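Note sheet for the following structure.
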Amino acid sequence: MSLSAVSRVFCRSAFRFQQINKLRNVHAVNKVSICNTQPFRRTSTCRFYSTEVESDDPRTFTDTEWEKRLTPEQYSVTRERKTEEPFSGNYLNHFEKGTYHCVCCDTELFSSDAKYDSHCGWPSFTEAYGTKNGDESTSHILRRPDNSIGMIRTEVICKNCDAHLGHVFDDGPEPTRQRFCINSLSLKFKSYRP
């Protein structure tokens with residue numbers, strides 16, 4: 001095949017891909033895929049073609065998507081900042097070795113090594129997973145002020161997906177003096193594998 005023939009084939013292919021992209025862009029306005037009429041979130045465009053890609057960033061999920069992914073109780077706690085009933089959570093008296101992950105995005109949040117029985121009605125931890133010498137910058141939690149019920153508290157949220165986890169108080173045991181009071185419904189447990 002001559003160089004000019006290769007060039008013609010390449011130009012025709014590029015033109016076809018451009019036409020497909022234009023057609024997809026028209027359909028993207030309506031948020032419908034031309035392939036399967038299912039809604040899609042983002043179109044990733046390359047030089048000659050585009051593909052529909054599901055977004056993996058949990059911060060982009062809509063309330064409807066969270067409602068599909070979570071039980072009504074999990075949604076209420078993690079997305080609407082509610083609190084589960086005291087002494088009702090699955091992980092209150094749970095002391096198996098492992099890590100507690102975010103129920104929304106599976107990020108590691110707390111280790112069983114930091115868990116203790118505070119008798120407060122919710123699972124309690126002395127520090128977040130990844131904390132080094134009191135520095136939480138490498139952990140997967142964030143703290144933010146919460147004055148929602150007329151009390152001054154510090155809310156704990158997942159750094160990866162903004163899920164409400166619970167609250168942290170300064171009445172825990174030494175050496176951290178921290179009591180992370182966390183809803184069981186915001187957690188899922190993974191045991192250590194030998």
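Overview of values
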{"read-out": "Of T131, S76, F61, farthest towards positive along the dipole that unit charges on Lys, Arg, Asp, Glu beta carbons give the stretch 59-148", "value": "F61"}
{"read-out": "Mean Cβ count within 10 Å, highest first, over the residues of peptides 161-167, 110-116", "value": "161-167, 110-116"}
{"read-out": "Furthest towards positive pole of dipole, G166, H140, V156, structure part the stretch 130-173, Cβ charges", "value": "H140"}
{"read-out": "Charged-residue dipole, Cβ positions (Lys, Arg, Asp, Glu), the stretch 46-158 about Cα centre, Debye nearest 20", "value": "220 debye"}
{"read-out": "Cα-based Kirkwood hydrodynamic radius, the stretch 90-141, one decimal, Å", "value": "11.5 Å"}
{"read-out": "Neighbour net charge for P145 - beta-carbon separation under 11 angstrom, K R +1, D E -1", "value": "+1"}
{"read-out": "Within-15-Å neighbourhood charge of G172 [Cβ basis; K, R +1; D, E -1]", "value": "-2"}
{"read-out": "W122 long-range amide H proximity, modeled H, under 5 Å", "value": "F87"}
{"read-out": "Most to least accessible of F61, F180 (protein chains only, probe 1.4 Å)", "value": "F61, F180"}
{"read-out": "Once the Cα gyration tensor of the stretch 70-191 is diagonalised, semi-axes √(5λ) in Å", "value": "18, 17, 15"}
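The values are calculated or read from the model by the stated rules, or taken from the named source; none is laboratory data. None of these values were measured; they are calculated from a predicted model. Note that each Cβ is placed from the backbone with ideal geometry, even for glycine, and that neighbours are counted across all protein chains shown. Just the protein is used for accessible areas: all its heavy atoms, side chains included, with ligands, DNA and RNA removed. Shrake-Rupley method; radii C 1.70, N 1.55, O 1.52, S 1.80 Å.
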